[in-house]
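The values are calculated or read from the model by the stated rules, or taken from the named source; none is laboratory data. Quantities reported herein were computed from a predicted structural model and do not represent experimental measurements. Here the Cβ positions follow ideal geometry from the backbone for every residue, glycine too, while neighbour counts run over all protein chains shown.
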Amino acid sequence: MWIITFPRTIVAGEDALEYLKEVEGKRALIVTDKVIRKLNYVQKVASYLEAAGFQVEVFDEVEPEPSMETIVKGAEFAKNYNPDWFIGLGGGSCMDAAKAIWVVYERPDLAVDAINPLEKLGLRKKARLICIPTTSGTGSDATWATIITDVKERRKLELTCREMVADITILDPELPKSMPPRLVADTGIDALAHAIEGYVSQWRNDFSDAFAIRAIKFIFEYLPTAYKNPDDTEAKEKMHNAATMAGIAFSNSQVGIAHAMGHAFGAIFHIPHGRAVSVFLPYSIEYSKREAMQRYADIAREIEILAENNEEAVEKLVKAVKSLSREVGEPLSIKEMGISREQFEKEFDELVVRAANSSCTFMNPRVPDVEDVKKLFNYAYEGRTIDF
């Protein structure tokens, strides 16, 4: 039995923000960061909500990779304001924070790190959630997960519950136009990792397959243009849609070792999430192909790679992923990120423990043991082809 979960309403395309005028309620709390506020996106969203009769308040203290402390602070702010709608506006960090703040607001008895898929939260008694992404990659607007950082432990918490999925997702192609090229690349390859890992996951299904394969095709076709030409409206819109499709895909299947390693690496070395995950993607394909050869070959053929057999198709897929990453300026090894061997070895054991114990690891087509995780990190540091 498969339970497929994604936002009840997805509004996409030109002037999608105008849909906010149709939302009914009294008090909206926009959860965002100071950068988004400076870009005047908060003011624009607030104007549509006010036109619908809302009072609007703003919590703009979300930091990159939001901490548990920020969630508690945001929930206290919400408690004093008593909103009936939360608006997660920004990149993945803002939307993840909005989800977690919403949960603690409705369930003040629950600690942030206690959110899990086995406990019924009973959300929507006090408020509902709208997600409005301004970047094209995290897919948080379509998922039922939130990634929150435990700063003291330098650990990213992978918190999930189906009730956390947004009621409404709004994909307005005007919003990602302000993304700098570096962010376009980081988030774009992150979306590709979501889609590829979602397509080969042990929990894949017909529904996740459909969203994943279309997202992969869009990303290979439109990411280079979105990166090089910020004014290309079609490329920006297609990447924005692809990110949400990839979010729907992996949220209803799972991601794998590229994310397990990326979460560990990003938390310890303070590397942006998309870049931390993207560097491990080619290695994850090489490692996992033994158990998912046909699935990877399907992806290769979907992006029009010509090959005489599946093995050749997968080899060319790895090259295509590396080529795309290189084209948009993404590093292909840990060494290229500027991490010294001394820094890497100092944190090596902790990296391995965290990645090996991640829930993402156990959904990978080929589940690595601790020794394999060690090899994967070492090979990724040097940029070596996986041969084990």
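Say whether the condition of being of a type in the set (D, E, K, R) and either within 28 Å of K346 (Cβ to Cβ) or under 13 Å from the mean Cα position of the chain (by Cα) (or both) is met by at least one residue in region 224-246. Checked region 224-246: no residue is of a type in the set (D, E, K, R) and either within 28 Å of K346 (Cβ to Cβ) or under 13 Å from the mean Cα position of the chain (by Cα) (or both). Would you check if I189 is among the β-branched types (V, I, T), closer than 30 Å to N82 by Cα and touching a Leu at 6+ places or on another chain (Cβ under 8 Å)? Against the criterion (among the β-branched types (V, I, T), closer than 30 Å to N82 by Cα and touching a Leu at 6+ places or on another chain (Cβ under 8 Å)), I189 does not qualify. Note on region 344-388: among residues that are hydroxyl-bearing (S, T, Y) and under 25 Å from the mean Cα position of the chain (by Cα), the one that is surrounded by the most Cβ atoms within 10 Å (Cβ to Cβ) is S358.
Tallying residues that are free of Cβ contacts under 8 Å to residues at least 60 places away in the same chain and over 15 Å from E163 (Cβ atoms) within region 79-94 yields 9. Only residues that are in contact with an Asp or Glu (Cβ under 7 Å, 6 or more places away or on another chain) and either charged (D, E, K, R) or under 17 Å from V321 (Cα atoms) (or both) were counted in region 365-387, giving 3. If we scan region 177-187, do we find a residue that is hydroxyl-bearing (S, T, Y) and more than 23 Å from F220 (Cβ to Cβ)? Yes, region 177-187 contains a residue that is hydroxyl-bearing (S, T, Y) and more than 23 Å from F220 (Cβ to Cβ). Being surrounded by 15 or more Cβ atoms within 10 Å (Cβ to Cβ), under 15 Å from P282 (Cβ atoms) and in the same structural domain as Y222 (by TED's automatic domain parsing) is a property that does not hold for I339. Per the conditions (1) surrounded by 24 or more Cβ atoms within 10 Å (Cβ to Cβ); (2) free of Cβ contacts under 8 Å to residues at least 60 places away in the same chain, the sole criterion not satisfied by K238 is (1).
Selection of region 331-375 for residues being outside any loop (DSSP other than H, G, I, E, B) and among the hydrophobic types (A, V, I, L, M, F, W, C) yields M337, F344, F348, L351, V352, V353, A355, A356, F362, M363, V370, V373. Helices (runs of 4 or more DSSP H) fully within region 1-113 that include at least 2 residues being surrounded by fewer than 19 Cβ atoms within 10 Å (Cβ to Cβ): 34-38, 41-51, 68-81. Within this structure, G90 fails the test of being at positive phi and out of contact with any strand residue (DSSP E or B) (no Cβ under 8 Å at 6 or more places or on another chain). Of the residues making up region 62-76, one or more are within 20 Å of the chain's Cα centre (by Cα), of a type in the set (G, A, S) and either assigned by TED's automatic domain parsing to the domain that holds E163 or closer than 28 Å to K236 by Cβ (or both).
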